[in-house]
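Here is the structure we will look at, set down as structure tokens.
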Amino acid sequence: MKKILFILFIIYGFGLNAQNSDYDWKKMDPKKRKEVINNLSPEERKELLKKFRNNMVVENLEIDASDTTEFTQLYNEYLDNQKQIKSQFNPDFNPETLSDDEAKAKLQQSFEVGQKLLDNRKKYADKMQQVIPCQKVLKLFQSEGMMRDKMNERKPHNGHNNSMAKPKQYP
């Protein structure tokens, strides 16, 4: 009897886990949505946000269903590379406390990282144009900038949500 209950419990657990991807997120009550998201593990949350982002980009660019998988793979590769390049620069520093040599080195590092980001963007723009038209690649990069600006508006700087706080230094 205990084995049967244990097996039923495991099957029920798998059923609940499988439901995570079956939710109709747009029609779901915001409280229920928040509850479901809060019950996800950090890794599941990350994957869910990645899925939402990919769906939003594909929908916004009106990418053909036949190209969606290839484009999404390229786009995720591009974002992973951008993230890896950005990690080479630590934006948490106070420029006023740096010596002249340290400031020059940090400035040079920011230029180098900025150039790597640009080179990566060019590389993936070329790759993406093999899958989608260049107009859609351009629209992707435009929307990427708008999303970044929107996130920066919402993101509190230094733990404070005011316009007087100093933003982080980015390359």
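The values are calculated or read from the model by the stated rules, or taken from the named source; none is laboratory data. None of the values given here were measured: they were computed from a predicted structure. As a convention, Cβ positions derive from the backbone with ideal geometry for all residues, glycine included, and neighbour counts pool all protein chains shown. These area figures cover heavy atoms from the full protein model, side chains too; ligands, DNA and RNA do not enter into them. Shrake-Rupley method; radii C 1.70, N 1.55, O 1.52, S 1.80 Å.
Only Cα pairs under 8 Å and 6+ residues apart enter the sum, and on that basis the relative contact order of segment 35-136 stands at 37 percent. In a DSSP loop and with at most 14 other Cβ atoms within 10 Å, the chymotrypsin sites (Phe, Trp or Tyr not before Pro) in segment 21-75 are Y23, W25.
What ranking of F93, F141, F111 comes out by heavy-atom accessible area, probe 1.4 Å, highest first?
F111, F93, F141
Annotation: peptides 124-134, 99-109, ranked by per-residue average of other Cβ atoms within 10 Å with the highest first, follow the order 124-134, 99-109. For the pair K123 and E70 in one chain, pulling the backbone fully straight at 0.36 nm per residue adds 17.5 nm over the alpha carbon distance.
For the pair Q84 and K26, label points projected 7 Å from Cα toward Cβ lie 3.5 nm apart. Quarter the surface of the alpha carbon convex hull of segment 27-163 and you get the mean projected area, 11.3 square nanometres.
In this label model, L138 and E96 are separated by 4.3 nm, measuring between points 7 Å along each Cα→Cβ vector. The candidates L49, L79, L140, arranged from most to least accessible area with a 1.4 Å probe in the full protein assembly, appear as L49, L79, L140.
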